[in-house]
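The structure appears right after this line, and notes come after that.
The values are calculated or read from the model by the stated rules, or taken from the named source; none is laboratory data. None of the values given here were measured: they were computed from a predicted structure. Note: ideal-geometry Cβ built from the backbone for every residue, glycine included; neighbour counts use all protein chains shown.
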């Protein structure tokens, strides 16, 4: 093993260990009292919870996947049509936009699919089961929505989208990141997920969207906008 690979493996191992330690701490000592505190807060401030119920819609996969997928299909189809008619400038424009939209689609779809599969395998109880029945545990292999808490799909989607947007508009990274945190936090504020679910979903979204960006068809491509349209 080369020194570079050894360093890489050590960093990956340290990252996994840190993630596991934080998740264990949240699951053992934070998730349940936080869910109870959020419920109490919602009883006193229902308008705040209503705001987060609206905001959380942005984490739905379809909100990103449908427009980006259709947009990529249309743009790339038109790019192929214009190439056949030797309209090079229009072809280049449509192809670039098609690739950008295809990248956003793939960067969100891959992590979202992974999270969906992990949910089914793990089968963690959602906060409502703890709050109403004091059930807190796992039912591996369950397809019931009440047992598909870890990791959060909304958190996965919104952090994957934030990464994709940061590739396209790097100077807006802090905006995309702040928006992702807010949408992911909405899942805790409406007691749809525990905090550990949201953290896990964010990690899946960031890691797999990063992999989509650097591997396969998008590896090495410059998909960003020119500096004069960046934030």
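Taking the listed residues 192, 184, the one that is in contact (Cβ under 8 Å) with a residue 60 or more places away in the chain and in a loop (DSSP other than H, G, I, E, B) is 192, with no other qualifying. When you look at residue 150, is it buried (at least 19 other Cβ atoms within 10 Å of the Cβ) and in contact with a strand residue (DSSP E or B) (Cβ under 8 Å, 6 or more places away or on another chain), yes or no? Taking the combined requirement at face value, the residue satisfies it. Kindly list, by first and then second residue, each pair from a residue in region 9-26 that is surrounded by 10 or more Cβ atoms within 10 Å (Cβ to Cβ) to a residue that is part of a helix (DSSP H, G or I), limited to pairs with Cβ atoms under 6 Å and residues at least 6 apart or on different chains. Final answer for the pair search is 23/196; 26/195; 26/196.
Restricting attention to region 78-95, and to residues there that are modelled with pLDDT of 85 or more and surrounded by fewer than 16 Cβ atoms within 10 Å (Cβ to Cβ), which single residue is farthest from residue 162 (Cα to Cα)? So that I can check it myself, show each step before the final result.
Initially, region 78-95 is screened for residues modelled with pLDDT of 85 or more, giving 78-81, 90, 92-95.
Imposing the further condition that a residue be surrounded by fewer than 16 Cβ atoms within 10 Å (Cβ to Cβ) reduces the set to 80-81, 90, 92-93.
Values: 80: 29, 81: 32, 90: 28, 92: 26, 93: 24 Å.
Taking the candidates together, the pick is 81.
Quick one: in region 39-77, which of the residues that are under 16 Å from residue 184 (Cα atoms) and either modelled with pLDDT under 95 or touching a helix residue (DSSP H, G or I) at 6+ places or on another chain (Cβ under 6 Å) (or both) is surrounded by the most Cβ atoms within 10 Å (Cβ to Cβ)? Per the stated criteria, the residue is 59.
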